[in-house]
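What follows is calculated from the coordinates using simple rules that are stated; it is not laboratory data. Every value quoted in this text rests on a predicted model; they were computed, and no experiment measured them. Here Cβ is always computed from backbone atoms with ideal geometry, including for glycine, and neighbour counts include all displayed protein chains.
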Amino acid sequence: MKKEVLQQVFADKFAGQTGTVYASPGRINLIGEHTDYNGGFVFPGAVEQGIMAVIRPNGTDTVRAYSIDLDVYAEWQVRDEKGPESTCFRFVYGVARELIERGVEVGGFDTVFAGDVPLGAGMSSSAALESCFAYGLNDLFGGSVSRWEMVLAGQATEHKYIGCNCGIMDQFASVFGKEGKLMRLDCRSREFEYFPFEPKGYRLVLVNSCVKHELAGSPYNDRRRSCENVASAIQALHPDRKIETLRDCTWEDLEAVKSTCSAEDIQRATFVLGEKDRVLAVCDALVKGDYEEVGRQMYLTHNGLSRDYEVSCEELDYLNDIAKECGVTGSRIMGGGFGGCTINLVKDELYDAFVKRVTEAYEAKYKITPKIIDVVIGDGSRKID
Ligand code: GLA
């Protein structure tokens, strides 16, 4: 959506006024899934698609908000204890409260917002919304929170107001994204590096299964709990070591708790330890420009997410099978799982044939046209002049 259109809707809703426009993107992730809350590495980048909001402080304590995409309107008091019920406004409400906790004097404001990140596609539309308001409200209310605090405000919103115990990858990617760059983030130390991503001869393309994923209330939190159970069991065996997350555990550690943890928890942890190794393998391969190896690791991640972590679904597995059949270099579920997109590393010369084949095959089997999204790595949270 163009900012002029957003300003026009804002003027229509709020007596001809104009506000300041902010934007924040969704994200992709090359490799490193479900590693963020295990203290591991992730490899995300921001995408061109995102959320845009017009915001204007209104001098009262009331927030008046309109979501163009869902065509819903709500009002609430900025310091209200309960806040609005509708999920899309809870993100805005939660972020405002989190900023207040971090010392920003957020008052009432009027806002309209809209986005082009497909909802429930695993591209983090919710992080885009949180980051957009974290950035915009901090700017408009004279706050001085750092970009990292914006990331944490978004994550805390998920935990406290939405019920999803997510890691920090999505909000991080949305706030810190840079055009043309992927980011390798160490989720334990929070150190990160920008990585130019120009795979000569290959492209990244998402195939949206259109199976809507919903992480709040989903088994996502159960997966996280399994990982924490295993880490605690290992800590109990080794009081001399500091085991905060599975990042601190080895394959031998896992072997040693096989009889004390549930088979399911062990299976989840097996995926996470494997994913830790795969992220490192992909880093090496990227340095060498070995995209065949990157792709091989992506398929392994898919298998792990599907069989051990069990966050796939029939449709995503089918998309993965078709990619393999077509000779696509790498393909896997992207994001939390339970629906959404696959991310595919495709040779330029195979692109047209793959898109045609995957579209036709998926339509024939599920009577839905999958959405093809070419990945363009864009910028993070910003004010739009
Ligand atoms: C969701 C969460 C992230 C991360 C991914 C899986 O997108 O929000 O924190 O855990 O799933 O890698």
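Under the rule of at least 5 residues apart or a separate chain, name every residue whose amide H is placed under 5 Å from the amide H of Val112.
Placed amide hydrogens put Val54, Tyr66 under 5 Å from Val112.
Once you've got the GNM for the chain with C-alpha springs shorter than 10 Å, pick whichever of Asp277, Asp12, Asp186 has the biggest mean-square fluctuation.
Comparing Asp277, Asp12, Asp186 in a Gaussian network model of the chain, the most mobile one is Asp12.
Pull up the DSSP beta bridges for the chain and report the antiparallel fraction as a percent, rounded to 5. Display every interim value, and only then the final one.
Details: 49 of 54 bridges.
Here the share of antiparallel DSSP bridges comes out near 90 percent.
Among Phe141, Phe354, what is the fewest-to-most ranking by other Cβ atoms within 10 Å? Each step should come with its number before you reach the end.
Numbers: Phe141 17, Phe354 22.
Least crowded to most crowded, the residues run Phe141, Phe354.
Given springs between every Cα pair under 10 Å in a Gaussian network model of the chain, which of Thr60, Thr35, Thr111 has the largest fluctuation?
Top of the fluctuation ranking is Thr60.
How many percent of DSSP beta bridges within the stretch 3-197 run antiparallel, rounded to 5? Can you show the working numbers first?
Values: 30 of 35 bridges.
If I count the DSSP bridges inside the stretch 3-197, around 85 percent turn out antiparallel.
Which helices of the chain meet both criteria: a Cα extent of 20 Å or more along the helical axis and a mean Kyte-Doolittle score no lower than 0.5, with helices taken as whole DSSP H segments?
Values: long enough: 87-101 (21 Å, 0.55); 125-140 (22 Å, 0.47); 220-237 (27 Å, -0.75); 263-288 (38 Å, 0.24); 351-366 (22 Å, -0.68).
The answer, listed by residue number, is 87-101.
Counting other beta carbons within 10 Å of each residue's own, what order do Met52, Met334, Met1 fall into, fewest first? It would help to have the intermediate numbers written out before the result.
Numbers: Met52 23, Met334 31, Met1 14.
Fewest-to-most Cβ neighbours within 10 Å comes out as Met1, Met52, Met334.
Please enumerate, by chain and number, the lysines with C-alpha under 24 Å from the C-alpha of Lys3, excluding those fewer than 8 residues away in the same chain.
Once the sequence-local lysines are set aside, what remains near Lys3 is Lys13, Lys178, Lys383.
Convex hull volume of the Cα atoms in the stretch 172-265, per residue, in Å³?
Numbers: hull volume 17.3 nm³, N = 94.
About 184 Å³ per residue, rounded to a whole number.
Under a plain spin-label model, where a point goes 7 Å from the Cα along Cα-to-Cβ, how far apart in nm are Asp352 and Ser146?
Placing both labels 7 Å along Cα→Cβ, they lie 5.0 nm apart.
Can you list residues whose amide H is under 5 Å from Gly180's amide H, if they're 5+ apart or on another chain and H is modeled 1.01 Å from N?
Here the answer is Ile377, Gly378, since their amide H atoms fall under 5 Å of that of Gly180.
For the stretch 137-185, take the convex hull of the Cα atoms, compute a quarter of its surface area, and give me that in nm², please.
Working: hull surface 16.4 nm².
It is 4.1 nm².
P(r) for the stretch 202-374, please, calculated from all Cα pair distances in 5 Å bins and given in %.
Per 5 Å bin, starting at zero, the Cα-Cα P(r) for the stretch 202-374 comes out as 1, 8, 16, 17, 17, 14, 12, 7, 4, 2, 1, 0 percent.
With each label point set 7 Å from Cα along the Cα-Cβ vector, what nm distance links Glu252 and Val9?
It is 5.8 nm.
Which three semi-axes in whole Å describe the equivalent ellipsoid of the stretch 3-197, each the square root of 5 times a Cα gyration tensor eigenvalue, listed largest first?
28, 18, 15
Going by C-beta contacts inside 10 Å, put Glu315, Glu105 in order with the fewest on the left. Provide the component values of the computation, followed by the final result.
Details: Glu315 19, Glu105 9.
Least crowded to most crowded, the residues run Glu105, Glu315.
Where does the chain land on Rg(C-alpha)/(2.2 N^0.38 Å)? Don't jump to the answer; show the numbers that get you there.
Working: Rg = 21.1 Å, N = 385, 2.2 N^0.38 = 21.1 Å.
Normalised by 2.2 N^0.38 Å, the Cα Rg of the chain equals 1.00.
Give me the extension gain from Arg307 to Glu325: residue separation times 0.36 nm, minus the current Cα-Cα distance, reported in nm with one decimal.
Residue separation times 0.36 nm, minus the Cα-Cα distance, leaves 4.5 nm.
Please give the charge dipole size of the chain, origin at the Cα centre, charges +1 on K and R Cβ atoms and -1 on D and E Cβ atoms. Round to the nearest 20 debye. Could you put the intermediate results ahead of the total?
Details: 44 positive and 59 negative charges, 59 e Å.
In total the dipole reaches around 280 debye.
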